[in-house]
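*Asks:* This is the structure I want to talk about, given as structure tokens.
The values are calculated or read from the model by the stated rules, or taken from the named source; none is laboratory data. Small disclaimer: the values here were computed from a predicted structure and weren't measured. Cβ coordinates were reconstructed from backbone atoms using ideal geometry, including for glycine residues, and neighbour counts include every protein chain displayed.
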Amino acid sequence: MQQNIDNPVVPDINDILPKMASGHEEDIRPGKTVLVIGSGGREHAIVDALSRSARVQKIYACPGNPGMARHATCVDISATDVPALVEFVKEKNIDLTVVGPEASLAAGIADALQAEGRRVFGPTKAAARIESSKEFAKEIMEKYGVPTGFYKSFDRYEDAKAYAENLPLPTVIKYDGLAAGKGVVVATTREEADAALRDMLLDSAFGQGRVLIEEFLDGPEFSFMCAVGGRKVYPLALAQDHKRAFDGDKGPNTGGMGAYSPLPFISEEVREKALEEILQRTADGLAEEGIDYTGILYGGLILTKDGPKVIEFNARFGDPETEVVLPRLKSDIYDLFDAAIDRADHQTEWSDEACLGVVLASDGYPGSYKKGVALNFDGCRKVYHMGTSLKDGELQTAGGRVAMVTGMGKTLQEAAANAYEDVKKSATAGIFFRSDIGKQVLK
Ligand code: AMP
Ligand code: GLY
């Protein structure tokens, strides 16, 4: 705090109006009303972070989940019902809407709210193509020199097969479009590659039929999320997801079984390089293309022996990374959203504490599973709900991934110990979890 030398009793104006200095003079009214769209763990973590904001008075979530109800009023409007959401924003005079799921972006929620002159943190449909079209993402990366694997795209099976036959194994085959995480095959044999190409190009199981065949990149994966407002890039803390269902990275791919932050295996030098050469270059590239990006740009990166490279971009907060990143955010998340929308300067601040989260999933997930298993999180310190519901006042499972039990600590070891202590309290028959989240770095 700056001392007022003339009159020490008069407090510094910056302490009364802390946002005055950050360029939001017209926007310093206290008591903002915020809407968070979505119903998963990611959105629960966003609600949680907003509940710590000095600027936020009221939080709504559409449709929300039982875990959020502590801090937000949940309103049963679907995350993809754009007309109803727009009506709701107008009716409640929402100051800021934060979009969680990609499906809402694909449905055009940001476009519709912007058209009404409403403040929204989340990209337009055109901007969200960085996630929804892998080919578009590759074109941007190629044009603006963003490090990624080489690729070629095909819409005819015969051409794709001929190309794939001459490539070294493993070969990566990706369906070009949103495929709910099922559109990527890392083929280790020619037969697997051929089967994937047949599935995606001949059987039209995925819809429109177009694939990318991509260079296999080798190294540890990590997630680098940045808030972006035009050319302004505001980095968030790094995190690592665990995508396979079972311990030792075995079993099928899932939406993510656990995560932790920070990442001891990423040096500051590598982080800087990824920020400049990947996230900033991509934001600049999108701006060059006339695409006005507002929202999270999520870099799914891999640290190869030639440095960090892009596996994929997402146009939204990652799940479950958000649940371990946002608890470490010390600065006000409303200020971050505000700054991105206004393309204003803003510095995020992060806690030195580590956060680690373990996903509780329904037996059978990612295949079929039963719902309605009773849940009890008594004594757990921080649980983000992913797929829960209330029936007659009782909490029960309502999804494949049920909840993310998180622990904080001075070190990742301590965070892991705290998380697993709470997992023990809450895990029950019908639920499974990985017991090795963060293990690679906890040795
Ligand atoms: P994606 O849906 O693009 O995130 O891909 C799912 C997973 O497939 C990634 O998390 C990686 O583990 C793997 N993968 C995708 N692309 C590549 C690649 N080019 N090289 C190696 N692994 C990849
Ligand atoms: N954790 C990966 C994702 O959100 O896509």
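*Asks:* In the range 104-128, how many residues are touching a residue at least 60 places away in the same chain (Cβ under 8 Å) and not in a loop (DSSP other than H, G, I, E, B)? Spell out the reasoning first.
*Replies:* Kept after step one, since they are touching a residue at least 60 places away in the same chain (Cβ under 8 Å), are these residues of the range 104-128: 104-106, 109-110, 119-124, 126-128.
Cutting the leftovers down to not in a loop (DSSP other than H, G, I, E, B) gives us 104-106, 109-110, 120-121.
So the count comes out to 7.
*Asks:* Just checking: which of the strands (runs of 3 or more DSSP E) contained wholly in the range 217-336 hold 1 or more residues that are in contact (Cβ under 8 Å) with a residue 12 or more places away in the chain and more than 16 Å from ligand 2 (Cβ to nearest atom)?
*Replies:* Working: elements: 221-229, 232-235, 244-246, 250-253, 258-261, 294-304, 307-314.
Output list reads 221-229, 232-235, 244-246, 294-304, 307-314.
*Asks:* From the set of residues in the range 8-65 that are of a type in the set (Ser, Thr, Tyr) and at pLDDT 50 or above, which is farthest from Arg119 (Cα to Cα)? I'd like the intermediate steps shown before the answer.
*Replies:* Within the range 8-65, the first condition is being of a type in the set (Ser, Thr, Tyr), and the residues that meet it are 22, 33, 39, 51, 53, 60.
Remaining after also requiring at pLDDT 50 or above: 33, 39, 51, 53, 60.
Numbers: Thr33: 11, Ser39: 20, Ser51: 19, Ser53: 17, Tyr60: 15 Å.
Checked the range 8-65; the qualifying residue farthest from Arg119 (Cα to Cα) is Ser39.
Residues are listed down the side, and each one gets a yes or a no for (1) at pLDDT 95 or above; (2) charged (D, E, K, R); (3) away from ligand 1 (no atom under 16 Å from the Cβ):
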| position | (1), (2), (3) |
| --- | --- |
| Lys273 | yes, yes, yes |
| Ile291 | yes, no, yes |
| Leu297 | yes, no, no |
| Asp306 | yes, yes, no |
| Asp319 | yes, yes, no |
| Pro327 | yes, no, yes |
| Leu336 | yes, no, yes |
| Asp342 | yes, yes, yes |
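*Asks:* Oh, and also: Please specify each residue of the range 291-317 satisfying the condition of being among the small types (Gly, Ala, Ser), under 16 Å from Arg42 (Cβ atoms) and surrounded by fewer than 24 Cβ atoms within 10 Å (Cβ to Cβ).
*Replies:* Gly300
*Asks:* Another one. Can you confirm whether the range 281-288 contains a residue that is buried (at least 24 other Cβ atoms within 10 Å of the Cβ) and within 16 Å of ligand 1 (Cβ to nearest atom)?
*Replies:* yes
*Asks:* Restricting attention to the range 344-352, does a residue exist that is among the β-branched types (Val, Ile, Thr), within 16 Å of ligand 1 (Cβ to nearest atom) and not in a helix (DSSP H, G or I)? Give the steps one after another, and end with the answer.
*Replies:* Initially, the range 344-352 is screened for residues among the β-branched types (Val, Ile, Thr), giving 348.
Filter again for within 16 Å of ligand 1 (Cβ to nearest atom), leaving none.
The answer is no; no qualifying residue exists.
*Asks:* Name the residues in the range 380-408 that are basic (Lys, Arg) and more than 18 Å from Ala45 (Cβ to Cβ), would you? Can you show your working first?
*Replies:* Taking the range 380-408 first, the residues basic (Lys, Arg) are 381-382, 391, 401.
Within the range 380-408, just Lys391 meets the criteria.
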